[in-house]
1. I'd like the distance between the alpha-carbon centres of segment 373-435 and segment 304-349, rounded to an integer number of Å.
2. Distance between Cα centroids, segment 565-629 to segment 493-551: provide it in whole Å.
3. Take the alpha carbon atoms of segment 697-713, find their center, do the same for segment 446-475, and report the distance between the two centers in whole angstrom.
4. Set the Förster radius R0 to 25 Å, insert the Cβ-Cβ distance between Ser643 and Asn566 as r into 1/(1 + (r/R0)^6), and round the FRET efficiency to 0.05.
5. Run the simple label-point estimate for Ala481 and Ser235 please: 7 Å along Cα→C-beta, distance reported in nm.
6. Could you order the peptides 43-53, 429-439, 514-524 from most to least packed, using the average number of other C-beta atoms within 10 Å per residue?
7. Taking neighbour Cβ counts within 10 Å as the exposure measure, how do Ser380, Ser393, Ser235, Ser262 sort from fewest upward?
8. Cross-link list Lys21/Lys251; Lys10/Lys251; Lys184/Lys369; Lys21/Lys164; Lys10/Lys184; Lys251/Lys329: which exceed 24 angstrom alpha carbon to alpha carbon?
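All of the numbers you see were taken from the coordinates with simple rules; none came from a lab. In this text, all values refer to a predicted model and were calculated from it rather than measured experimentally. Cβ: placed from backbone, ideal geometry, glycine included. Neighbour counts: every protein chain shown.
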Amino acid sequence: MSSDHDAEIKELLGRMTPVEKFGQLQQLAWGFNTGPGGPGTEDVETAARAGRVGSVLNLMGAANANALQRIAVEESRLGIPLLYGLDVIHGYWTTFPIPLAQAAAFDPAVTETDGAVSAREARSDGIHWVFSPMMDVTHEPRWGRIAESHGEDPYLTARYAAAKVRGYQGDDMSADDRVAACAKHFVAYGGAEGGRDYNTVDVSEQRLRNLYLPPFLAAVDAGAATVMAAFNTVSGVPAHGNAHTLTDILKTQRGFDGVVVSDWAGVDELVVHGFAADRADAARLALGAGVDVEMASTSLVEHGPDLLARGLISADRLDDAVTRVLRLKFRLGLFDRPYVDLDAVIPEPTPSTRAAARDVAARCMVLLKNAPAILPLDPSVSSVAVVGPFADSADLLGTWVLGETQRRFPAGTVREALAAALPDTLISHADGVQEAVDAALAADVTVVVVGEPTALSGEAATRSDLGLPDGQEDLIAAVAATGRPYAVVLVGGRPLTGDWLDTAPAVLMAWHPGIEAGNAIADVLTGAVNPGGKLPVTFPRAVGQVPIYYNRENTGRPHDPARPENPFVSGYLDLADGPRFPFGHGIAYTTFAVSAPELSRTRIEAAALCDGAAVEVTVPLRNTGDRAGDEVVQLYVHDRAASVVQPVRRLRGFRRVHLAAGAETVVRFALGADDLGFWTGDPNGRFVVEPGEIDVHTGTSSATTDRCTLTIV
Ligand code: BGC
């Protein structure tokens, strides 16, 4: 890839002044979306004219994009086009479910669909570059950004990261329906202590490489054009000043030839962190560590020329950073086609993108429990009460929805959608507790829609409590006390806690499902769609258990169910062992039987694995119920004795399968070196496959006990 446009870039570099070079490394925020000439945009226009800015974020609208581009292309000395970036995270006009929900589909195709739809809409409106996918693995449900993540597993996240990059970029980023992706936030941001956003992360080299890095490596392998640095420190060194992670690991060891962009003012924050003495020092440290573009703050452009003249910034490193930016602009086709075709702008969601969003949203839902089987709603019911604060609410789009999208294309509500889906059924609705009780008493069945508003998840939205806010537990208790049948639909951006989860007969985790929220929830409630999602994150019993995650190491004194009287175990005196719902959990309106796994061979040499050999695992699966449905067959490995202790379970395969009632199939997985080895603590990066016994577990959640054993010799 690095040979593309080399000659043109070299020629251009040769004509650039230091100020113009630093200009290419500057990304400015568009103040107000009023178009050139409006308040807050003059600085950007002046910088564009002077060649002191290379990219702009938060500018929306094709006409605005063209007007500012015209200044850069026609009025600046070198005419280098601007690059427009925006936070398009789970949709531009067509809002898909939040990424955490998408992960619950255990089907990376859903995120590829979101990526492709978003890319088409955004590019048509002038956006070249989206700050997505976010791929921070996290064990922290208190952290609001878990909603933007794919949960607690690096393998699942890596598969989604690669799929989203493909969805955005396709085969050719210069196409008018594609954009450049941004793998963020590099790295270990999900490890924020206490779940407090932006907080310290002290992480061992082996955990960095085994837990946090794999999605980034997968994204780079999938061709991700850019990477964004994270706000946190990584073992005492802020990610924006971290040469080990940005340069050694990402650029040198992995060969990443794209652009590293800072996060918003992340360069200046090196001073606040206590790493850089002042803004000039911050500019020097960030560029030196491997940041190529500075977002929002202006330390590099202000201090760079002087630092360069004094020999404090290397000319080669500066040229390398500029080369990366120019290469991206060439790859996006901006030098050939800097302007947007105003006649081809996609102004709103279409019936087909809405259908895609509805299908994806329904695929993401996780039926946590259903006993007795309240769901799906019996088609012959004559009345359904839909109660709770989210029963008739449009606050279901999720975090990172553009303001304009939120205003113009709100989510459909559950009440409206159920009324449309069940035209012959009386649908009553109530918000308050007493009204809900009255409605429940009068109805055949009640659907209680509770959860978290969008404002409680996303950036800087950390919670110390994972319970339902605003007295919603009282509402559930009051409906339960009627003795009438009810089901709970839970919306939100994170795992939630509450003992009501033990007593409610049926609970559907719907997340924040996006623009088609109401219809997708109604599809699942009525059984038009049989739910098949699985939890991409552990649901704790109580917030005090956090961090609790399935891919943990064993202690020397694990809880032993056979010896409950033994007090000297790792756990809590006041809580039962384990989570409320484990990673990978989710049921359907049908049942499945998974038989024990079989291996194509039970012994294999480590050397053969490293040469590319693989072991096949076969898992028979049968739909034992009376409805067609989906099951996600999951494969986990556990290396029983290793030089770095290995997680008790590590997801290394999953397949979402649709089976007719009574149908059966055999699911096959291949296990190779990537699945059976691990990274050691070596700072230079050493991946090893060690001899020993590997337990291969397969089943329908991480709690499965079915297994067979592979011996590596
Ligand atoms: C977030 C990034 C985002 C950027 C630009 C930051 O605060 O951490 O994820 O891309 O803002 O809006």
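1. 46 Å
2. Result: 20 Å between the Cα centres.
3. Taking the Cα centre of each part, segment 697-713 and segment 446-475 sit 36 Å apart.
4. Numbers: r = 29 Å, r/R0 = 1.16.
Efficiency for this residue pair is about 0.30.
5. 5.5 nm
6. Listed from highest to lowest mean packing, they are 514-524, 43-53, 429-439.
7. Ordered from fewest to most neighbouring Cβ atoms within 10 Å, Ser380, Ser393, Ser235, Ser262 come out as Ser380, Ser235, Ser393, Ser262.
8. Table pairs above 24 Å Cα-Cα are Lys184/Lys369; Lys21/Lys164; Lys10/Lys184.
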